[in-house]
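Below you'll find the structure, written out as structure tokens, and then a few comments.
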Amino acid sequence: MRGGHGPGHLLGHRLGRRFGWLWGAYGTSALGTWLAFGAFPLIAIRVLDAGPAEVAALSSVGAAVGAAAAVPLGPWVEFRRKRPVLIATDLVRCAALLTIPAAFAFGALTFLQLLLVSVVVAAADITFRAASGAYLKALLPAEDLLVANARFESTAWTTTIIGPPLGGAAIGLLGPVATVVADAVSYLLSALGIRAMGDHEPRPEPRAAARMRTRDLLDGWRYILADATLRPLFFNTALFNGLVMAAQPLLAVLMLGRLGFAPWQYGLAFAAPSIGGLLGSWLALPLVTRFGQHPVLIALGALRAIWPVGLAFVGPGTRGLLLVMGVELGLIFCCGVFNPVYATYRLERTAPDRVARTLSAWAVTTKASTALLTAVWGVLGGLLGPRTAIALAGVLLLATPLLLPRRAAARLPEPRPEPYPSRSSGSA
């Protein structure tokens, strides 16, 4: 791994013009997503008078059905050029989202339409992630993957910090549908950015069988479960993400209900600590350079698990708010370091002709497990109370480091034929 010492090196390291366009496209769509954060539930409540069950269905059922719909897309993407898939999924998301303001303008918006759009967007998100991971692995040499993933991570946390406040202001001025339009436009701009990269992608090897068979749908899962290092990491991330997300609605009920926090205080408790994710992403490369990839993966994977149990002790007033902010800051900082290291580790351990299927299976499982655990913890919150259910999730998270890979794995050999022209022109 090439040396580096901080954000200056992270930003100054040249990855080429094509990566610059890909990075810009990612940042644009990520900002649009965070501008529209919470827009669907808000539209459901304010425009369609939806109840709690319908609002919950938008996030849980929409994500779960979208994940199921994406299952056959991973094997399909594997044997196609990834750049056209990236453009197509951006345009699909743009078109689907634009149906909402169009229907709203004509007074024809329904809850079913919101649900269908959430399904389409969820399926397209998974497909885009699978194709972009495969594209990135082919675009850059292995030694540059951590720098690239750290840039994506820092961009994600930056848009998390600035997107929701700007989106809230836009909703206040222009109404709840305005941010959906902004999100749709961001996907259009992303598609244009990816198109500007130029068409230099080689065609993948053709599929051995003429048609996709039913067993081909499980190729990604078979590959993950057969690998001694990917398998524990797969279960770790699915369980960790699911338990963290499952506790969030209960924390909202606890803070906004029983503890009497104002909505702006609740938003501040999660927006301000996002700076920790930005700092963590800057430190990922220096930490890996000094200590090695596997030790950082294990240490930060364990450290991120110790924070959520603290949310069970939140109380009213300023002390309670500071407790939540402190816990979230620690959690997000650890995730900011862990995420790019884990994403790089996963790409390095996945054969080039298996990346799309593997990443698709990974994303489908993560979304499905999150939806399932959110539903289960909703029931537990009703039976045990939100504070007890949050504590239970935190205690279970303390066991997730046991699922991290215990031994460092050798990097898979990289194919040496250069699939793209030289990266010497331009920098990013």
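The values are calculated or read from the model by the stated rules, or taken from the named source; none is laboratory data. Owing to the predicted nature of the structure, the values given are computational and were not obtained by experimental measurement. Backbone-built Cβ (ideal geometry, glycine too); neighbour counts: all protein chains shown. SASA here: full protein model, heavy atoms, side chains in, ligands and nucleic acids out. Shrake-Rupley method; radii C 1.70, N 1.55, O 1.52, S 1.80 Å.
Under 8 Å for C-alpha pairs, at least 6 residues apart: give me the relative contact order for the stretch 28-126, rounded to a whole percent.
Numbers: 58 pairs, mean separation 42.0, N = 99.
Relative contact order, the stretch 28-126: 42 percent.
With protein chains left intact and a 1.4 Å probe, residues in the stretch 94-239 average 43 Å² of accessible area per residue. Length gained on full extension, A302 to R80: 76.2 nm, using 0.36 nm per residue less the C-alpha separation.
Ranked by the mean number of other Cβ atoms within 10 Å per residue, highest first, peptides 340-348, 323-331, 102-110, 218-226 order as 340-348, 323-331, 218-226, 102-110.
Note on L323 and D353: with the Förster distance fixed at 41 Å, the Cβ-Cβ geometry gives a FRET efficiency of about 0.30. What the stretch 262-368 shows is 36 Å² of accessible area per residue, with the surface traced by a 1.4 Å probe over protein heavy atoms. Under a Gaussian network description of the chain, with springs only between Cα atoms under 10 Å, the residue in G172, G320, G20 that fluctuates furthest is G172. Structural descriptor for the chain: relative contact order 30 percent, calculated from alpha carbon pairs under 8 angstrom and at least 6 residues apart.
Shown for the chain: the carbon plus sulfur share of the solvent-accessible area, taken with all protein chains present and a 1.4 angstrom probe, equals 68%. The calculated FRET efficiency for the pair L218 and F291, based on their C-beta separation and a Förster distance of 22 Å, comes to about 0.05.
Annotation: amide H of L15 within the under-5 Å range of A428, sequence separation 5 or more or interchain, hydrogens built in the peptide plane.
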